[in-house]
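The values are calculated or read from the model by the stated rules, or taken from the named source; none is laboratory data. Computed from a predicted structure; not experimentally measured. Heads up, the Cβs are rebuilt from the backbone with ideal geometry, glycines too, and the neighbour counts pull from every protein chain shown. SASA here: full protein model, heavy atoms, side chains in, ligands and nucleic acids out. Shrake-Rupley method; radii C 1.70, N 1.55, O 1.52, S 1.80 Å.
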Amino acid sequence: MDTTHLLVTDLEVDTALADPTVPLAVRAVWQLLWESDVRPDEVLALDVPDAELDDRLVVIRHSKEGDLFETGITAAAAGVLRELIGTRTEGPLFTVNGHRLSRGEVADAYRVATGGRTLHALRFTRQRKERDRAWRSATARQTEEKTA
């Protein structure tokens, strides 16, 4: 099955993440989807206390499986979240004009910013990159073992 239509480029993502016309909260959601193993609904359910920025973690309390788990975030994502949170200590993490962002708002903004790409494409590309990286790493290890 050809899935190339689902792939986004690093340039497309970087351009969307740097677009100052898109609210920071929306871009922060995109960044977490791009850089971590979380689903859109899990990200959007985060509250301010769920961001443990000193440890570069977010605590997912509403996972698809119903489990509570922590996932690491990049230093860049932690920086964006720190800016987004400011002095807040409670409430929804991702808000615009006082209301929690919805999946539809985030998805629509991504489509506009990327000329029609979907949040699914963003997440699918990240997952595929991770799978390819793991495959290359395993292949390299096997090659090393054969030559040793």
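Any residue in the range 11-35 that's more than 25 Å from Ile60 (Cα to Cα): show its pairings with residues that are modelled with pLDDT under 95 at Cβ separation under 7 Å, as long as the two are six or more apart or on different chains.
Glu12/Thr114; Glu12/Arg117; Asp19/Ala113
Looking for something more than 22 Å from Arg126 (Cα to Cα), open to solvent by 10 Å² or more (accessible area, probe 1.4 Å) and not in a helix (DSSP H, G or I) - is there at least one such residue anywhere in the range 37-50?
Yes - at least one qualifying residue is present in the range 37-50.
Taking the range 21-36 as the region of interest, how many residues are at pLDDT 95 or above, small (Gly, Ala, Ser) and within 17 Å of Arg126 (Cβ to Cβ)?
So the count comes out to 1.
Conditions (1) in contact with a strand residue (DSSP E or B) (Cβ under 9 Å, 6 or more places away or on another chain); (2) of a type in the set (Gly, Ala, Ser); (3) at pLDDT below 85; (4) farther than 17 Å from Val26 by Cβ, marked per residue:
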| residue | (1), (2), (3), (4) |
| --- | --- |
| Val58 | yes, no, no, no |
| His62 | no, no, yes, yes |
| Val80 | no, no, no, no |
| Glu83 | no, no, no, no |
| Thr87 | no, no, no, yes |
| Pro92 | yes, no, no, no |
| Val96 | no, no, no, no |
| Arg133 | no, no, yes, yes |
| Thr143 | no, no, yes, yes |
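Would you confirm, using the coordinates I've provided, whether Leu122 is among the aliphatic types (A, V, I, L, M), at pLDDT below 95 and surrounded by 14 or more Cβ atoms within 10 Å (Cβ to Cβ)?
The answer is yes for Leu122.
Among Trp34, Trp30, which is among the aromatic types (Phe, Trp, Tyr) and farther than 21 Å from Gly86 by Cα?
The conditions single out Trp34.
Out of the residues in the range 51-60 meeting the condition of being assigned to a strand (DSSP E or B) and within 14 Å of Gly86 (Cα to Cα), tell me which one is least open to solvent (accessible area, probe 1.4 Å).
Ala51
Counting only residues that are of a type in the set (Val, Ile, Thr) and open to solvent by 50 Å² or more (accessible area, probe 1.4 Å), which one in the range 72-115 is nearest to the chain's Cα centre (by Cα)?
Only one residue fits best here, namely Val112.
Of the residues Arg117, Arg111, Arg88, which single one is under 20 Å from Asp10 (Cβ atoms), not polar (S, T, N, Q) and not in a helix (DSSP H, G or I)? Steps first, answer last, please.
On the way: Arg111 fails: not in a helix (DSSP H, G or I); Arg88 fails: under 20 Å from Asp10 (Cβ atoms).
Result of the check over Arg117, Arg111, Arg88: Arg117.
Within the bounds of the range 11-20, is there any residue that is under 15 Å from Arg123 (Cβ atoms), of a type in the set (Asp, Glu) and open to solvent by 80 Å² or more (accessible area, probe 1.4 Å)? Give the derivation first.
Filtering the range 11-20 for residues under 15 Å from Arg123 (Cβ atoms) gives 12-13, 16-17.
Adding the requirement that they be of a type in the set (Asp, Glu) leaves 12.
Checking the rest, the ones that are also open to solvent by 80 Å² or more (accessible area, probe 1.4 Å) come to none.
For the range 11-20, residues under 15 Å from Arg123 (Cβ atoms), of a type in the set (Asp, Glu) and open to solvent by 80 Å² or more (accessible area, probe 1.4 Å): absent.
Taking interchain pairs and intrachain pairs at least six residues apart, which have beta carbon atoms under 6 angstrom, with the first residue in the range 85-98 and closer than 17 Å to Val22 by Cα and aromatic (Phe, Trp, Tyr) and the second at pLDDT 95 or above and in a loop (DSSP other than H, G, I, E, B)?
Phe94/Leu101
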